[in-house]
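First comes the structure, then the notes that go with it.
The values are calculated or read from the model by the stated rules, or taken from the named source; none is laboratory data. This is a predicted model, so every value here is computed, not measured. Heads up, the Cβs are rebuilt from the backbone with ideal geometry, glycines too, and the neighbour counts pull from every protein chain shown. Note: accessible area is taken over every heavy atom of the protein model, side chains too, but ligands, DNA and RNA are not part of it. Shrake-Rupley method; radii C 1.70, N 1.55, O 1.52, S 1.80 Å.
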Amino acid sequence: MFHIRNLCLIFIVFIPNTVYSAETPVIKPGSFLDTEREKQADSAPSAVTHGAFNASVDAKHLNEAVVGLGTDEDKIITVLTGRTNAQRQEIRKAYENLYHKDLIQDLKDDTSGNFEKIIVALMLEPHEFLAEEVHRALYSILPKEATLAEILCTKSKNELQPIIHTYNKKYNTPVHPVSLRDDIEENIQESFKSFLKNIINEQTNLRSDSGVNDDKQLIEKQVNSIPLGLDRCQPAENKVLFDMLSKESFEHIRKISALFQEKNANYSSKMYDYVKDYCPEDMLTEAYLTVLYYASSPAEFYAHRLDGAMIGLGTNDDTLIRIIVGRSETDIGEIKRTYKGLFNTTLEYSIEQETSGTYKKTLLKLIDK
């Protein structure tokens, strides 16, 4: 069902007073990468600082890359993929102070296609980028419901709240007052709409970032809410399941899944399988499965999403960019390893086969190629 190999793209760009290497960055002790290596070993993020960071120096290099005739794409790639998102925000401020222009706009003016998309994604703050992705998904010719599930159903309060607030601020105007809740109401149908609205409803609390609910009666109800037969999935008939999957922390959902398996030890299937087998094939069920799959293994969830973006005719570049940019500072190493285990090929090879040019080069740099 799945396929993908390996081509090494090594380049070194020398810029006065700064060395950037696509092969082995120079990391100072106590740096971002050192901290992450201690925490995650070889699951460490790939977006790391190359040498000493100076936002003004990087801003000057980027200005050199876009002014005059032609564009130095390699310099843009090397600088931006060698910095964390927080550092890129500092570069953006330094650029504005030095040149009185917006760096993102200058980069957009000098790039195009998927290369432009990924460069802009790198420059935006994560919650701003995801708010734009949610809006794009809602207002496509056909709403991209799987994209909405991928973004909104896999976030807890600390990540979800800035997305909601940024969306409401960015797209609300005096002429057309809207909110994320309004746009979901207008563009999404049936029970999936109710589920998304429950996820983003701050008045009933957003999904907890961590922790397990110790209410024993509630836990028992939640374990018993898992469908063991047909017609027990819709909110009207199973509100406990609906609320659990839209509000409880992923840690809590893992606990419920373990208790469910323990209670049903005579059966080999997991909670995920029961929901898949006994719930109807609709978008609400897909949202439930997204939550359960992500709670079980974020790396496996994203590995499957990446494979789905590249398999078959055409490539879903929006999904590819969203996941690789979004996970490049967290768990891209684990995702790569999981991808290889699942599909017997490397993520690098898949990207090499499905993309090209400066866009491909940027993706490969972000996954530490």
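For this structure, a couple of remarks:
- Within the option set Asp368, Asp307, being open to solvent by less than 10 Å² (accessible area, probe 1.4 Å) and of a type outside the set (Gly, Ala, Ser) holds for one residue only, Asp307.
- Unmet requirement for Lys169, which otherwise passes all of (1) charged (D, E, K, R); (2) open to solvent by 80 Å² or more (accessible area, probe 1.4 Å); (3) within 25 Å of Phe250 (Cα to Cα): (3)
- Flag for Arg207 being part of a loop (DSSP other than H, G, I, E, B), at pLDDT 90 or above and under 24 Å from Leu148 (Cα atoms): yes
- Any hit, segment 165-185, residues being over 22 Å from the mean Cα position of the chain (by Cα) and part of a helix (DSSP H, G or I): yes
- Segment 78-103 residues that are within 17 Å of Val66 (Cβ to Cβ), paired with ones that are open to solvent by 70 Å² or more (accessible area, probe 1.4 Å) and of a type in the set (Lys, Arg) (beta carbon under 8 Å, 6 or more apart): Tyr95/Lys101; Leu98/Lys60
- Considering the conditions (1) part of a loop (DSSP other than H, G, I, E, B); (2) surrounded by fewer than 17 Cβ atoms within 10 Å (Cβ to Cβ), Gln161 is excluded by exactly one of them, (1).
- Asn158 vs. criteria more than 17 Å from Leu320 (Cβ to Cβ) and either of a type outside the set (Ser, Thr, Tyr) or in the same structural domain as Ser246 (by the TED database) (or both): yes
- Qualifying position, being assigned to a helix (DSSP H, G or I), among the small types (Gly, Ala, Ser) and surrounded by fewer than 20 Cβ atoms within 10 Å (Cβ to Cβ), among Ala137, Ala59, Ala94, Ala65: Ala94
- The residue that is nearest to Ile118 (Cα to Cα), among those in segment 284-304 that are touching a Ser or Thr at 6+ places or on another chain (Cβ under 6 Å) and buried (at least 19 other Cβ atoms within 10 Å of the Cβ), is Ala303.
- Leading residue by the ranking (nearest to Cys153 (Cα to Cα)) among those in segment 209-242 that are surrounded by fewer than 17 Cβ atoms within 10 Å (Cβ to Cβ) and within 27 Å of the chain's Cα centre (by Cα): Asp209
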